[in-house]
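The values are calculated or read from the model by the stated rules, or taken from the named source; none is laboratory data. Predicted, not measured: the structure shown is a model, and the values here were computed from it. Cβ placement follows ideal geometry from the backbone for every residue including glycine, while neighbour counts extend to all protein chains displayed. Note: accessible area is taken over every heavy atom of the protein model, side chains too, but ligands, DNA and RNA are not part of it. Shrake-Rupley method; radii C 1.70, N 1.55, O 1.52, S 1.80 Å.
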Amino acid sequence: MKILHSILYVDDEDDIREIVELSLRLDGGLDVAVCDSGSAALAYLEMRIPDLVVLDVMMPGLDGPGTLARIRERPECADVPVVFLTAKAQREEMDRFLALGAIGVIAKPFDPMTLAQQLRDIWNAFYPD
Amino acid sequence: MASHQNGRMAMMPLVVAGIVTVLLLTLLSAGILLRQTQQQEAYQRDVLQSLAAITTLDDLFSALQDMEAGSRGYLLTGDPDFRTQFDAALPAASEGLPRLRTLVGDNPTQRLALAELEPLLQGTIAQMRDSLALDRSQHNAILASVAAAKQQMNQVRTVLRTMSMEENRLLQLRQTQDRDTTRRSQRLILGLSLLASLVFALLISLLLRDIVLRRRLTEQFQHTSTLLHGVADSMAQGLVVLDSQLCLALWNKRWIKLLEVPAELVRQGASFGPVFASQIERDNEGLRDIHDQTLDQLMDVLRDNLRTQQNTRFTWQRSNGLWLEAQSQPTPDGRIVITYTDVTPLKRAEQRSGEQATRLSAVLAHASDAIIVINESGSIESFNRAAEELFGYSAAEVMQRNVRMLMPEPYGSSHDQYLRRYISTGERHAIGARRELEGLRRDGQVFPLELAVREMWLGPKRMFIATLRNISERRAMERMKNEFISTVSHELRTPLTSIAGSLGLLAGGVAGPLPEKIERLIAIAHKNSERLVRLINDLLDIEKIESGKMDFRFVRVSLAALVDQAIEANRGLAEPLAVTIRRGATVPDDDVLADTDRLMQVLTNLISNAVKFSPRQGAVTLLLEDRGATLRLNVHDDGPGIPETFRDQIFGKFAQADASDSRQKGGTGLGLNIAKRIIERHGGHIGFESDTSGGGTTFWIELQKWSEQPLAASADAAPAQVLVCEDDADVAAVLAQTLRGAGLTVDVAHSLRAARDLLARNGYEVLTLDLVLPDGDGLDLLRSLRDDPATNALPVIVVSGRIDAQHHLETSSALRVAGWLQKPVQPQELTAAVHSATRAQSAQLLQVLHVEDDIDVIGVVRMALQDVAHVVPVKTVGAAKELLRHQRFDAIVLDLALPDGSGLDLLEALRQQPGASAPVVIFSAQEPSPAVAAQVRAALIKSKASIDELVAVIKHHAQDYRDRNLHGGSEQ
């Protein structure tokens, strides 16, 4: 069983980035990198591929789905699993995100004390034994 | 008048004859009188003659006697006195004979006697004379002579007596004759007088009658004349009658007034020409059209009309502003009657209605809503400017075309359907209600529109007015609202994420241990930020529910499992409050049809409420009850209970018993409201029991069990049979379960072949049909169903994604789809559609076809049957046959005398149809022959049977037919 170790979190909101980083690192014990935009994320992915990419949906410029599409275009990181984190968590939209190729969707606001576990659950579901 | 003249004509000869007769009779009488007088004179003469003769005879005889006496005496005595006597009598005797001769000469009898007498007389006289000459001494000779003289005297005496008697006889005869003749004449004259009197009387009476008649006629004529003039003068119209010379024969005052005819031109027999001319001159403005014709030409026109017996009509405006209509009508007896009517009010009304029409069409033209008027078959009859703008077609392009061209599929076909269904069953679906559908512009663009259709009657013609509004803007507004909410929620959520997130981290100890005070404050802040999050979530949910946008995905799920999940999820909430959540031991294993997320939401809400209101160390107990057809979950807490005053509002929005209390407990006040809505959408129930005196509170929800069997039979009718034709097993299961939950028995077919198989074996009341099936196109099945009389009327609900529909549905109007449902199917819509379809089918309203060409009869029958049947009238056999090919009826009412043939032709056609055909009731003026009567259920005669009787008969047979065919499939 593959263990989730490293996460790249992409979100234009500074505060939320900080919270997520804190939550995942301190509470979840995960290795966390953060980027403030889709393009920054793509640049980061050229250097290093994390176990899981968590994308905010609503970002200026290249939004979450757009970033995902770009990720999928690059052979080196095309397969990295992606989870969307979004405030627009109505069911139809969640279906759409899943249809786009995300392996999971987490709603904002999230509970920072359970975020890591949620991600692990999604990860384990994607990589079952 | 004419017949009387004939009478008078016949009179003349009669009168003449009468007079002539009288004259003749008079002459006759006179003649008779004359003759009689003459005769009388003759008789008189004869009488005198006879008397004279008699006298003469007597004289003669006495003379002879004297002579005899004288002679005798002389002879005997010789006294000369005797000789004197003899001599004295001798002349008389001698004269007597010739006088006698004269007197009786005309009588043959007398003549004979006379002939006899003469010689005797002569002899006697001679004798006597001779005797006188005798010597007195010759006594013998004297005796002999005396004797001889006596003898001769006797002989003479005899003859004379005979003659006298004869004369007497003649006398008497004459007298008798005279009397007879007189009498006869008298009678004749009397008779003739009488006759003459009679004839005279007759004549007089005829003449009298003639006079009386003439007087009466004169009276009548005067009376009629007075009447005529009275009528003419009282007429509202002006009247002038011209004779064959176009001269004035009759007119009324109104004519003079209306046309302002100069008085000097108005005279009996005056020519119409000058009057006409003055008319033209005065009204030259209004009579512009005929101005170019001369007076003579115009008069010729009149003459021509007279000759050809043609009417003419002419309207113009007079110089005084009045509008007049002149109508000239020639009469067969060579006159022209011209009437003038003041049509000013009419003209004004025309103008006004013209203005109104203009105003109305201006209103229509400028109306901002598109208004389309269609007729019963859906053809466009009116298309205003707004409609032109809305659809991009000019009115001319759409006129008379079917309105469905303005709608994309499936709306076009369903509109057709709705219209047809409304017309034939009166069921309002689109009519009188507002519907939202889509419109199709000329350029192919589809746009959302709102449609309101109302029925209107233009005399006998039924029309529908559709008001359409492009609701793209509204839709856009709605979209904007939803987007706004979505955006706002995101916007709100974003900072909230940070707030709640940081607080959560802090509270979770990630940043390390905190001083107590800080910890407390952080806890407060964190709790409330979480509450804000929940509030936003609930608000969004409410908005979705209220706008009907909350979608449910129903699946088969174990309620027990869900309950366990919910308990787990809420353990975290309960622990800090030292509340335990436990579950009852016996757990029914049944599944329910539910949207897991939403049901979880409800469970969570109930559990969290129970936990919140539980005392510390208390327990929340969840119990699952099996209640036969349903499962009930009870969530019990030992809390304070719900106060009485609050119980009514508990499921309302922002319902919180005590503001302070709930703020403490952290509720949003929306949870139960949302829970209620969700449970209702599940077709279940929610409720509570509470005891404020220590018994605690139990909230419960009840849901239908998932089952293959019909769970609850509806009280009224026998369960309907529904066939679900759907290849996706999950979808099919959901559809079936939904319908079973509504009390229907359901069969499922996963392919067309399976469906056909089932349809052939059973009679269903409704079919739900997926269009895309593994072994073919659902529409093919539908088509074959419609072609088969046994399934022709089976309501079919199509369940499909829209894309397919657009391809197929141009042809679906004849396929009569009862409903369209788009996947994913909302259970309520499905149940509603099925119920409405079955209701239409098994509804009390029977379908009756009335073949009849008399509209009144149709109207009466229709009204009489309106509570129990929908009557479709057709006027010809041809139309009936056509209709019967596509539609099924419960009964057919048939007139025999129809414009295109006899109703009997229809019987023949019906007999040839496969399967049992609807019962036929003949309702006709004629009495059908026994052979025909045997072919039908009943035959009623129009004049004899009452409408009530007809209604009862139709009801009976139609209902009977309906019942036998509803649950029996094809066997009869």
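Observations on the structure shown:
- Under the condition of being free of Cβ contacts under 8 Å to residues at least 40 places away in the same chain and away from every other protein chain (no Cβ under 14 Å), the residues counted in region A:77-88 number 6.
- Test for residue B:396: is it open to solvent by 60 Å² or more (accessible area, probe 1.4 Å) and modelled with pLDDT of 80 or more: yes
- First in region B:324-336 and of a type in the set (Asp, Glu), second anywhere and open to solvent by 20 Å² or more (accessible area, probe 1.4 Å), Cβ under 8 Å, 6 or more apart: B:325/B:313; B:325/B:314; B:325/B:315; B:325/B:341
- Every residue from region B:180-226 that is in contact with a Leu (Cβ under 8 Å, 6 or more places away or on another chain) and of a type in the set (Val, Ile, Thr): B:189, B:199
- For region A:94-105, a residue qualifies if it is open to solvent by 20 Å² or more (accessible area, probe 1.4 Å) and either part of a helix (DSSP H, G or I) or not small (Gly, Ala, Ser) (or both), and the qualifying residues are A:94, A:95, A:96, A:98, A:99, A:100, A:103, A:105.
- Flag if residue B:595 is away from every other protein chain (no Cβ under 14 Å), open to solvent by less than 70 Å² (accessible area, probe 1.4 Å) and of a type outside the set (A, V, I, L, M): no
Yes/no per residue for (1) of a type in the set (A, V, I, L, M); (2) surrounded by 14 or more Cβ atoms within 10 Å (Cβ to Cβ); (3) free of Cβ contacts under 8 Å to residues at least 24 places away in the same chain:
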| site | (1), (2), (3) |
| --- | --- |
| B:888 | no, yes, no |
| B:896 | yes, yes, no |
| B:904 | yes, yes, no |
| B:945 | yes, yes, yes |
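- Restricting region A:95-113 to residues that are more than 14 Å from the chain's Cα centre (by Cα) and more than 9 Å from chain B (Cβ to nearest Cβ), the residue that is nearest to residue A:51 (Cα to Cα): A:99
- Within region B:602-622, the set of residues being assigned to a strand (DSSP E or B) and either out of contact with any His (no Cβ under 7 Å at 6 or more places or on another chain) or open to solvent by less than 10 Å² (accessible area, probe 1.4 Å) (or both) comprises B:619, B:620, B:622.
- Matching option when the condition is over 27 Å from residue B:145 (Cα atoms), among the β-branched types (Val, Ile, Thr) and part of a helix (DSSP H, G or I), among B:109, B:56, B:84: B:109
- Out of B:783, B:753, sole residue that is charged (D, E, K, R) and either within 25 Å of residue B:831 (Cβ to Cβ) or in contact (Cβ under 8 Å) with a residue 24 or more places away in the chain (or both): B:783
- Among (1) within 14 Å of chain B (Cβ to nearest Cβ); (2) touching a residue at least 40 places away in the same chain (Cβ under 8 Å); (3) surrounded by fewer than 21 Cβ atoms within 10 Å (Cβ to Cβ) - the single one residue A:2 does not satisfy: (1)
- Of the criteria (1) surrounded by fewer than 18 Cβ atoms within 10 Å (Cβ to Cβ); (2) at the interface with chain A (Cβ under 9 Å from one of its Cβ atoms), which one residue B:507 fails: (1)
- Sole exception among (1) within 34 Å of the chain's Cα centre (by Cα); (2) open to solvent by 50 Å² or more (accessible area, probe 1.4 Å); (3) polar (S, T, N, Q) for residue B:309, by number: (1)
- Counted residues, region A:13-35 - those being more than 19 Å from residue A:111 (Cβ to Cβ) and either facing chain B (nearest Cβ under 10 Å) or polar (S, T, N, Q) (or both): 1
- Selection from region B:442-493 of residues that are open to solvent by 60 Å² or more (accessible area, probe 1.4 Å), away from every other protein chain (no Cβ under 14 Å) and either under 21 Å from residue B:368 (Cβ atoms) or among the acidic types (Asp, Glu) (or both): B:442, B:443, B:445, B:454, B:469, B:470, B:473, B:474, B:475, B:477, B:478
- Output for region B:545-587, where each listed residue is open to solvent by 20 Å² or more (accessible area, probe 1.4 Å), of a type outside the set (Lys, Arg) and not in a helix (DSSP H, G or I): B:547, B:548, B:551, B:554, B:555, B:557, B:558, B:578, B:580, B:585, B:586, B:587
- Number of residues in region A:108-129 that are outside any helix (DSSP H, G or I), within 30 Å of residue B:528 (Cβ to Cβ) and not aliphatic (A, V, I, L, M): the value is 6.
- Subset of region B:859-890 [more than 19 Å from residue B:420 (Cβ to Cβ) and either part of a helix (DSSP H, G or I) or at pLDDT 75 or above (or both)]: B:859, B:860, B:861, B:863, B:864, B:865, B:876, B:877, B:878
- Matching residues, region B:313-349, being in contact with a Lys or Arg (Cβ under 7 Å, 6 or more places away or on another chain) and either over 21 Å from residue B:251 (Cα atoms) or of a type outside the set (A, V, I, L, M) (or both): B:319, B:323, B:325, B:327
- For residue A:38, the requirement of being surrounded by 16 or more Cβ atoms within 10 Å (Cβ to Cβ), within 14 Å of chain B (Cβ to nearest Cβ) and not basic (Lys, Arg) is not met.
- From the options B:265, B:242, B:217, residue that is of a type in the set (A, V, I, L, M, F, W, C) and either touching a Lys or Arg at 6+ places or on another chain (Cβ under 9 Å) or open to solvent by 80 Å² or more (accessible area, probe 1.4 Å) (or both): B:242
- Residue check for residue A:85: in a helix (DSSP H, G or I), of a type in the set (A, V, I, L, M, F, W, C) and within 12 Å of the chain's Cα centre (by Cα): no
- Qualifying position, being more than 19 Å from residue B:494 (Cβ to Cβ), open to solvent by 10 Å² or more (accessible area, probe 1.4 Å) and within 13 Å of chain B (Cβ to nearest Cβ), among A:120, A:91, A:74: A:91
- Checked against (1) touching a residue at least 12 places away in the same chain (Cβ under 8 Å); (2) exposed (fewer than 14 other Cβ atoms within 10 Å of the Cβ); (3) basic (Lys, Arg), residue B:318 passes all but a single condition, namely (2).
- Applying the set (1) closer than 30 Å to residue B:232 by Cβ; (2) free of Cβ contacts under 8 Å to residues at least 40 places away in the same chain to residue B:368 leaves exactly one unmet item: (1).
- If you go through region B:92-114 and keep only what is over 11 Å from residue B:163 (Cα atoms) and open to solvent by less than 70 Å² (accessible area, probe 1.4 Å), you end up with B:92, B:93, B:94, B:96, B:97, B:98, B:103, B:105.
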